[in-house]
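Structure record follows, encoded as structure tokens.
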């Protein structure tokens, strides 16, 4: 089913906080094909600003950002968007335990492909 053409389905919105433009393009294109509106921030500062200006159903959060660790933003996300799904992403798989302990719902290692990403976020009920 193409979510973009079925207007009876709810529109999901995601915030992607990642400093790698290629990852942003890849993930946003994947999400848009599923009918999910994607907003991008390239730093913790931009991510915090985006939190204050939008409602998001999910936040994809890179662990290592130029201005700090993605973990630092998790309390802000949980406070502002208590029902949003939080997906931590990182090229370092050893970050998984720390990301989950900090409050991420799931952890997806980079590099990821479409099937890996969608399988992970399906577990959260964000997409069917």
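Odds and ends about this structure:
- In segment 90-128, the residues that are under 15 Å from residue 71 (Cβ atoms) and in contact with a helix residue (DSSP H, G or I) (Cβ under 6 Å, 6 or more places away or on another chain): 102, 103, 106, 107
- Subset of segment 9-18 (residues that are buried (at least 17 other Cβ atoms within 10 Å of the Cβ) and either within 22 Å of residue 72 (Cβ to Cβ) or out of contact with any strand residue (DSSP E or B) (no Cβ under 9 Å at 6 or more places or on another chain) (or both)): 14, 15, 16, 17, 18
Every read-out reported here was derived from the displayed coordinates using simple, explicitly stated rules and does not represent laboratory data. What you see is a predicted model; the values in this text were computed from it and never measured. We place every Cβ from the backbone using ideal geometry, glycine too, and count neighbours over all the protein chains shown.
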